[in-house]
Each structure stands twice: as structure tokens, then as C-alpha cells.
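Remarks on the structure that follows.
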Amino acid sequence: MNAHAKPEAAAILLRSDAEGVATLILNRPQARNPLSEAMLAALAETFAAIAADRTVKAVILSAEGPVFCAGHDLKEMSARRADADRGRAYFTQVLGRCSAVMQAITALPQPVIAAVEGTATAAGCQLVACCDLAVAGAEARFCTPGVHIGLFCSTPMVALSRNLSAKHAMEMLLLGEMVPADEAARMGLVNRVVPAGGALAEAGRLAAVIASKAPATVRIGKKAFYEQREMGLAAAYDHASAVMAENMLARDAEEGIGAFMEKRAPVWEG
């Protein structure tokens, strides 16, 4: 459990660390693990702590219960329709906090791997799409169902449109249908599908592989990947070339290349 989390946050978001991997568990299964105000606060605090923790080399995000994450807490949000502005200020604030958490995953120095069993819907699907890698159990399903209730999944759309082809993203957003795990893999929402119940173990295997690499190199690579993706082609090559030239001067690159040529295991400094 995250020692840095507030007591009320610790109950709904669990953290355990082992061998350079931090595992986070959404832990409000009775409510379908919604992205409530409390859950968003717990995630934001925990990601901030992990970002500053050089002992963590990879992160796994999973959940208790049959639902990975059902998205926003609609009961919590609907209650604010009684506000004088019919909830406008509150909705804006909550959606902004959710967007900040999603961006924190991208900005996190360490790669984040989603381990999904059950369903991930609406902002829960967005949460999966924001992770750097995703593993799904064979019975996992994904959906952006807002169109069914008159609320288009506009913020999940941002992450989906950056993971899937335009037509696949629009298919999910316009139809609001459940997408099975194997189809989600074909679309590019998840990296691989494993037997039901095996997502966390497979995510752990991937995290261990990442944790064995030079941590500074992984941090450089993740940051550069998301930066260049937002650029035009020429600018992206210029940026990537500059990053790689700087990376070549790093001690771990010198060590890694030397170890490769000398046919020995590298010793990373980090």
C-alpha cells in the first residue's frame, strides 16, 4: 500500500512495490471502481509520488473485482445538477481533474502497464488507452457507451484517437458497443490477450523486462516518444536525433554499447 497516500485514499487505491515495479490496484469493486473525486485524488497523489521515486522502474495498474473501471461516478456528478449553475462549474472541475490524471500517466517517467480483467468502460476505457502498454484477460471487454445516454465520450475520445485508427475509434464512440479483448487487440487498444485471470501475471512479466533495462534510457525514450508523436515528420526526426545524440553521451549508453561489443552483461548506473 502507498505509504504516502491519505488514509481515506489508501482504501480505494492500493499500492505494493517489489523489484522495481509498483503495482496499483483500484479497490472499490462494489461500486465498479469508478473515477470518483476520491479515486482521482488518490491516483494523482500516487502518480506524483511514483514520478519522484527513482526506485520504481515500471508501474502496473489493475483492479479488484469483475469490473476494471466503469468510468466517472455518474451518481456523484448527477447530484450536482441541483447547483445554481446546474453543475457546470463542478463538471468542468471534475473533468479537468480526470484529464490531468490521464496526462500524468503519459508524463510519468516510468512506463505504465494496464492489466485488465472484466470491463473497462467510458473513462475506464480511457484509462486503459492512456497507459503505455495494456494486457487483457480473454474475457475483458471495452466500451465507450456514452452515446447511449446522450453523453458523447468526448474526453475518452482523446486517448482512443491516439491509440486506434480513426475509423476504429469512431466505431467505438458512435456505436457504444462492447468490444471483446481479441478485437481490442486487433484495433490496437491492448497489446496482448492472455487467458482469463492471467492479465496481472503477464503485466508483471512485461514490467520485469522493462525494469531490467537502463532506467534512465527508458525515461528518455518514453518522454521522446510522446513528444515526437505530436510533431510534424521533419520536426519529429530533428527532435529524435537530438535526443538520441544526447542519449549517446550518457554513461549507461556507453556501458551498454561496450557490454554488447564485449559480449558481457551491462551494469547500469541509472
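Every number here is computed from the coordinates shown, using simple stated rules; none is lab data. Keep in mind the model is a prediction, meaning the values are calculated, not measured. Here the Cβ is made from the backbone with ideal geometry for all residues, glycine too, and neighbour counts use every protein chain on show.
Brief remarks follow.
- Simple rule: put +1 on each Lys or Arg Cβ and -1 on each Asp or Glu Cβ in region 167-270, find the dipole, and look at H168, A181, L206; the Cα lying farthest toward the positive end is L206.
- Projected label points at A44 and D238, each 7 Å from Cα along the beta carbon direction, are separated by 3.5 nanometres.
- Highest GNM mean-square fluctuation among S212, S78, S154, for the chain modelled with Cα contacts below 10 Å: S78.
- Residue with peak Gaussian network fluctuation, the chain [Cα springs, cutoff 10 Å], from A115, A58, A236: A236
- Full-stretch length increase - R186, E262 - with 0.36 nm per residue and alpha-carbon distance subtracted: 23.4 nm
- Sequence-separation-based contact order of the chain, relative, with Cα cut under 8 Å and 6+ spacing, percent: 15
- Put a dot 7 Å past the Cα of H148, heading toward its Cβ, do the same for E255, and the two dots end up 5.2 nm apart.
- Set of lysines near K75 by C-alpha distance (under 29 Å), chain-local residues within fewer than 8 positions excluded: K6
- Top positive-direction residue, dipole computed over the chain with Cβ charges, set A89, A42, V67: A89
- Dipole magnitude (debye, nearest 20) for region 126-212, charges at Cβ of Lys, Arg, Asp, Glu: 160
- The chain - mean residue ellipticity at 222 nm from DSSP helices (-39,500 (n - 2.57) per run, n ≥ 4, rounded to 500): -15000 deg cm²/dmol
- Only one item in (i) 61, 47, 29; (ii) 67, 44, 40; (iii) 85, 46, 43 matches Cα extents along the principal axes in Å derived from the coordinates shown, and that item is (ii).
- Listed residues A129, A214, A240, most fluctuating in the chain (Gaussian network, C-alpha, under 10 Å): A240
- For region 37-88, the list of trypsin sites (Lys or Arg not before Pro) that fall in a loop by DSSP and count at most 14 other C-beta atoms within 10 angstrom reads R54, R86.
- Between 0 and 90°, nearest 10: helix 166-175 axis offset from the chain longest Cα axis: 20
- Trypsin sites (Lys or Arg not before Pro) within region 215-264: DSSP coil, no more than 10 neighbouring Cβ in 10 Å: K263, R264
- Here the dipole of region 7-211 is about 360 debye; that uses its Cα centre as origin and unit charges on the Cβ of Lys and Arg (positive) and Asp and Glu (negative).
- Order of V218, V267 - criterion: other Cβ atoms within 10 Å of each residue's Cβ, fewest first: V267, V218
- Taking other residues whose beta carbon is less than 13 angstrom from the beta carbon of R97, and scoring Lys, Arg as +1 and Asp, Glu as -1, yields -4.
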